[in-house]
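Trainee: Before I ask anything, let me first share the structure, which is written out below as C-alpha cells.
The values are calculated or read from the model by the stated rules, or taken from the named source; none is laboratory data. Note that this is a predicted model, so its numbers are computed, not measured. Every residue, glycine as well, gets a Cβ built from its backbone with ideal geometry; the counts of neighbours run over all protein chains shown. Ligands, DNA and RNA are stripped out before the accessible areas are found, and what is left, the full protein with its side chains, is counted by its heavy atoms. Shrake-Rupley method; radii C 1.70, N 1.55, O 1.52, S 1.80 Å.
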Amino acid sequence: MKADEFFHSMKTGNILSCYLFEGEEEYLKESALQQLRQKVLLPPFGDMNETVLNDPDAETLITVSETLPMMADKRLVVIRDSSLLSASREGAKTGKKKDTDGDSVSAYIAKLPPTTCLVFFTRGKANGVRKLYKEINKLGGLVSFEQLSNDGLVKWIARELKAQGKQIAQHTAEQLIFTAGRDLGTLKNELGKAAAHAGERDVVEREDIAAVVTPTVEYKVFDLADNVAEGNAPKAISLMNNLIREGEQRFMLLALLQRQYRQLLFASILTHKGVQSAAIAQQLSIPPFVAKKMQGMTKRFSIKQLKDCYDYCVDMEFLVKSGQMAEEGALEQVVYYLLKQRK
C-alpha cells in the first residue's frame, strides 16, 4: 500500500498484525510509526508495551513477539534495519544461519498472535527479492513511503498549515518548496518559521518565506545563475563569494551551475518549439513559476549561446575532475565566462 492508504487505515482503526515500512521519505515513515504507536500503545501502560530491536535474530524476534502485553490488548514490536530485508548484502548476516532465520521469520509472521503488532522499519528501500519481503507483501503489510510529487508536497504543506490555523496559496507553497527544498523534516521547520512570521494573519504570504525561510544551496545557485543571466556582475560575484565563504565546495557549486544551464538550454529549446511553461515545468520536473522565470532568463540568450555556456561548464567540470585544472579558481572562471555570454 502507499503512504496515504496507510494513514487512511489509521483513521478507520484498521490495524494489521505485521507491517514493513520502506522507501526514501524518512520523515513520512517516522510519522507513520508515530501514528501507529498512538493507535496501539494506549495509556496508561503504553510505554511498557513497546519493544524496539535492531536486527535481532529469529529466536529473539519470535520470543519478544510472543510476549503478552501488560494490561492492554496489544503490544508493538519494532524491528529496525533487519538484515533479512537489507537492500544490499553488505553487513547482512551470511550463511546458513541467515537463511534459517529468514525461513523462520517468514513462516512465523503468518501466525502472529492477535496481541502483537510487528513492524519492520528499514532505512531507504528494502530488498524486494527477500523471502520475508514477499511474505509481508502477501499479507498486505508492505507500506511504501516514496518522495512526494510537487502536487503532493503542496497538499502536505496546506495540511500542516491548516493544523496551525493558517492557509497558503499554491504558488506560495511552490515558492517554499523551491526555496527550502523537498525534505519534509526541513519543510516542517521552515513552515513553522513562516507561520510565526505571519503572526495574526490567516494566510502565509511570499514575503513571509522571503523573510525567514533558509534557502538551500540549490536555490542560491539558481539566484546566482539568474544574476549571471541578467549580466549583474556585482551581485553575481557577491553571491558566488558568499557561497564559498559559507564553506560550499567549488566543485559542487560548479556541478549545480552546470545543471542550471542545462535546464536553461532545454527550456529555451522547448520555448522555441512553442511549448508552454506548464509543459516545460512538467518535463523538467520544476515548479511552474520556475519554468516561467527560466523562460524569461532564456530571452537574454540564443540557443547557441546557452549551448556554449553548458558545454563550457561541462568541459570545466571534466578538467577539474580529471586533475587537469585546480578546483581553486575554476568556479570563478566559469562565472566570468558566463557573464560575457549574453545577446
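Trainee: Do any helices (runs of 4 or more DSSP H) lying entirely in the stretch 197-272 carry at least 3 residues that are touching a residue at least 60 places away in the same chain (Cβ under 8 Å), and which ones are they?
Mentor: Working: elements: 206-212, 217-230, 233-245, 250-272.
Those helices (runs of 4 or more DSSP H) span 217-230, 233-245, 250-272.
Trainee: Follow-up question, since we're still on this one. Identify the single condition in (1) over 22 Å from K111 (Cα atoms); (2) modelled with pLDDT under 90 that G13 does not satisfy, given that it satisfies every other one.
Mentor: (1)
For every residue, the table says whether it meets (1) in a loop (DSSP other than H, G, I, E, B); (2) within 20 Å of A126 (Cα to Cα); (3) at pLDDT 90 or above.
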{"position": "E22", "(1), (2), (3)": "no, yes, yes"}
{"position": "Q38", "(1), (2), (3)": "no, no, yes"}
{"position": "L42", "(1), (2), (3)": "yes, no, no"}
{"position": "D103", "(1), (2), (3)": "no, yes, no"}
{"position": "A107", "(1), (2), (3)": "no, yes, yes"}
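Trainee: Select from the stretch 210-242 the residues that are under 25 Å from T186 (Cα atoms), surrounded by 21 or more Cβ atoms within 10 Å (Cβ to Cβ) and of a type outside the set (G, A, S) and list them in ascending order.
Mentor: Of everything in the stretch 210-242, those that are under 25 Å from T186 (Cα atoms), surrounded by 21 or more Cβ atoms within 10 Å (Cβ to Cβ) and of a type outside the set (G, A, S) turn out to be V213, V221, F222, L224, M240.
Trainee: Residues being surrounded by 18 or more Cβ atoms within 10 Å (Cβ to Cβ) and out of contact with any Asp or Glu (no Cβ under 6 Å at 6 or more places or on another chain): count how many of those fall in the stretch 276-292. Steps first, answer last, please.
Mentor: Residues of the stretch 276-292 that are surrounded by 18 or more Cβ atoms within 10 Å (Cβ to Cβ), as a first pass: 277, 280-281, 286-288, 290-291.
Subsequent filtering for residues that are out of contact with any Asp or Glu (no Cβ under 6 Å at 6 or more places or on another chain) retains 277, 280-281, 286, 288, 290-291.
The qualifying residues number 7.
Trainee: If we keep just the residues of the stretch 325-343 that are out of contact with any Phe, Trp or Tyr (no Cβ under 8 Å at 6 or more places or on another chain) and open to solvent by 70 Å² or more (accessible area, probe 1.4 Å), which is farthest from I237 (Cα to Cα)?
Mentor: Taking the candidates together, the pick is E328.
Trainee: Related question: Report, by residue number, each residue of the stretch 293-302 that is of a type outside the set (G, A, S) and either surrounded by fewer than 14 Cβ atoms within 10 Å (Cβ to Cβ) or out of contact with any helix residue (DSSP H, G or I) (no Cβ under 6 Å at 6 or more places or on another chain) (or both). Show your work before the answer.
Mentor: So the first thing to find is which residues in the stretch 293-302 are of a type outside the set (G, A, S), and the list is 293-295, 297-301.
Once the filter is applied, which keeps residues that are of a type outside the set (G, A, S) and either surrounded by fewer than 14 Cβ atoms within 10 Å (Cβ to Cβ) or out of contact with any helix residue (DSSP H, G or I) (no Cβ under 6 Å at 6 or more places or on another chain) (or both), the stretch 293-302 yields K293, K299, F301.
Trainee: Shifting gears a bit: Go through (1) at pLDDT 90 or above; (2) open to solvent by less than 40 Å² (accessible area, probe 1.4 Å); (3) touching a helix residue (DSSP H, G or I) at 6+ places or on another chain (Cβ under 8 Å) and name the single condition A92 misses.
Mentor: Unmet for A92, out of (1) at pLDDT 90 or above; (2) open to solvent by less than 40 Å² (accessible area, probe 1.4 Å); (3) touching a helix residue (DSSP H, G or I) at 6+ places or on another chain (Cβ under 8 Å): (1).
Trainee: Something else now. Could you check how many residues of the stretch 148-176 are basic (K, R), more than 21 Å from A291 (Cβ to Cβ) and surrounded by 14 or more Cβ atoms within 10 Å (Cβ to Cβ)? Walk me through it before giving the result.
Mentor: Step one: list which residues in the stretch 148-176 are basic (K, R), which gives 155, 159, 162, 166.
Adding the requirement that they be more than 21 Å from A291 (Cβ to Cβ) leaves 159, 162, 166.
Then keep just the ones that are surrounded by 14 or more Cβ atoms within 10 Å (Cβ to Cβ); that gives 166.
The total comes to 1.
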